[in-house]
Amino acid sequence: MRARLFSASPSRSIKKKMPPKKAAAQEKKTLLGRPSNNLKIGIVGLPNVGKSSFFNALSETDLGKAANFPYATINPEEARIPVPDARFEWLCETYKPASRVPAFLTCIDIAGLTAGASTGAGLGNSFLSHVRAVDGIFQVIRAFDDAEVIHVEGDVDPLRDMEIIQTELRLKDIEWVEKALENLKRTGRSLGSTSLVDKARKEEIVSHPTPPNSNRFDHSFKITVEKVLKVLTVDGKDVRKAEWNNKEIDVVNGLSLLTAKPVTYLVNLSERDYIRKKNKWLPKIKGWIDANNPGDPLIPFSVSLEERLVVMSPEEKKEEETKIAATSALGKITQAGYSSLDVRTIPCRFMPQKKLTIIPRQLIRYFTCGPDEVRAWTIRRGTKAPQAAGVIHSDFENKFVCGEIMSYEDLKEYGSEVSVKAAGKLRQQGKPYEMVDGDIAYWKAGG
């Protein structure tokens, strides 16, 4: 039996090197807006600027009530608009499915807004409640002259019209925020101070006020709401253009504010101006956006041209676009609307030399493919495999076993599922797997 030998001499103290500290994981940025897979965008603008005609062309329907008088639209119309995606088109060509279901953007035609809408003028209250229900805004701006199409303000002035809409949305937000603060104060005042219990309760509420529909009292809520009010009144900014941390964004999202919603400006030109790419108002509109809401996208288009093209066959449309040397802007508009709900530009507090920073895409798509159907599914970035499967049906999530996953890029490179599998690129993924944009998935669930 061999014994271990121990040295009797005093042991030297050896300093152990500490392992390097792990870099702190970067906090995921919370986005303004509701985390929804059913994205809704509202068409907003003054009466008679082309909103309903644009909606009809975009949706290829006649649901929108286009008429030469204000408030032709009262109840909002709704349509699902396919979002252009070259990957989806390639998959459909490859699988030749019986059914094709692309990603959709739900578009809503909302009644026209006028000055005074925030106090109920015209259809103001109805208009603003409909705007509050959407995730983003297409703001249609009239930049064409037509004596036969009346303007509610008497003449064509896009800058004035943009000021009216911005002012009314901000005023309504101010009203809602002031009510939220008043409710907090009222809750504190309603508690009597005659007993020690009431005093303690009042001190709790005053020091930890509560957001609406919550049983928790949080002092940061009141501070954030006061900051929102300052942004709207003192700073004169839309809420989406202020700096917010993640906790503040959670509060802002709960308020469902109008000026927190992303805006895409659509400038309605005459067909002639659109084709020749010239209009006296365009530089001024771009300047107004840069000064008031920098980073918001601007897309010129022509409703009158879109109305002509939408009734043509694909061959006729292509021939006409070649003839006039101009193309339809509807696909670009749909993609811009979808992207506005996905990629946000916000003020960057850490890099003052850069006025704007872009938050990476938060919405991604995966596909299910086969001879029966090719379908695009919209999910949030960071979604795990079981939850991605649950978008199709809750049973897929609850009884999740695994997913067979291949990337769109691999399928396109190798040409077929058999070749992808032979190359070892078809992977079996379990519950921890985080979905990647462009994944093609086949789900397995228990009985």
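The values are calculated or read from the model by the stated rules, or taken from the named source; none is laboratory data. Please read these numbers as outputs of a predicted model, since none were measured by experiment. Positions of Cβ are generated from backbone atoms using ideal geometry, with glycine treated the same way; all protein chains shown enter the neighbour counts. Side chains are part of the model used for accessible areas, which takes the heavy atoms of the whole protein and leaves out ligands, DNA and RNA. Shrake-Rupley method; radii C 1.70, N 1.55, O 1.52, S 1.80 Å.
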TODO: Would you mind computing, in nm to one decimal, how far apart the modelled labels at residue 381 and residue 278 are, each placed 7 Å from Cα along Cα→Cβ?
DONE: 4.2 nm
Task: Given 96/278; 222/261; 96/384, the pairs whose alpha carbons are separated by over 32 Å - done: 96/278
Task: Gained length - residue 78 relative to residue 321, 0.36 nm times residue gap less alpha-carbon distance - done: 84.7 nm
TODO: Rank-order 257-265, 277-285 by packing density, defined as the average count of other C-beta atoms within 10 Å over each peptide's residues, highest first.
DONE: 257-265, 277-285
Task: segment 322-340 and segment 381-447: distance between their alpha carbon centers, rounded to Å - done: 32 Å
Task: Cα gyration tensor category, rounded, prolate or oblate, for segment 385-429 with a/c compared to 1.5 - done: prolate
TODO: Whenever you get a sec, line up 312, 162 from highest to lowest accessible area (probe 1.4 Å, protein heavy atoms).
DONE: 312, 162
Task: Charge tally in the Cβ shell below 9 Å around residue 153, where Lys, Arg are +1 and Asp, Glu are -1, residue 153 excluded - done: -2
- [ ] Starting from the Cα gyration tensor of segment 363-447, multiply each eigenvalue by 5, take the square root, and state the resulting semi-axes largest first in whole Å.
- [x] 20, 14, 12
Task: Candidate residues 89, 319: accessible-area rank, largest first, probe 1.4 Å - done: 319, 89
Task: Full-stretch length increase - residue 442, residue 250 - with 0.36 nm per residue and alpha-carbon distance subtracted - done: 65.7 nm
Task: Cβ-derived FRET efficiency at R0 30 Å, residue 150 paired with residue 100, nearest 0.05 - done: 0.10
Open item on the list: Heavy atoms only, 1.4 Å probe, whole protein assembly: order 41, 275, 174 by accessible area, highest first.
Closed with: 275, 174, 41
Open item on the list: For residue 130, what accessible surface area do you get with a 1.4 Å probe? Give it in Å², rounded to 10.
Closed with: 50 Å²
Task: Global form of segment 258-314, assessed from the alpha-carbon gyration tensor, a/c cut-off 1.5 - done: oblate
Task: Charge dipole (segment 240-306, unit charges on Cβ, about Cα centre) - positive-most of 266, 254, 295 - done: 266
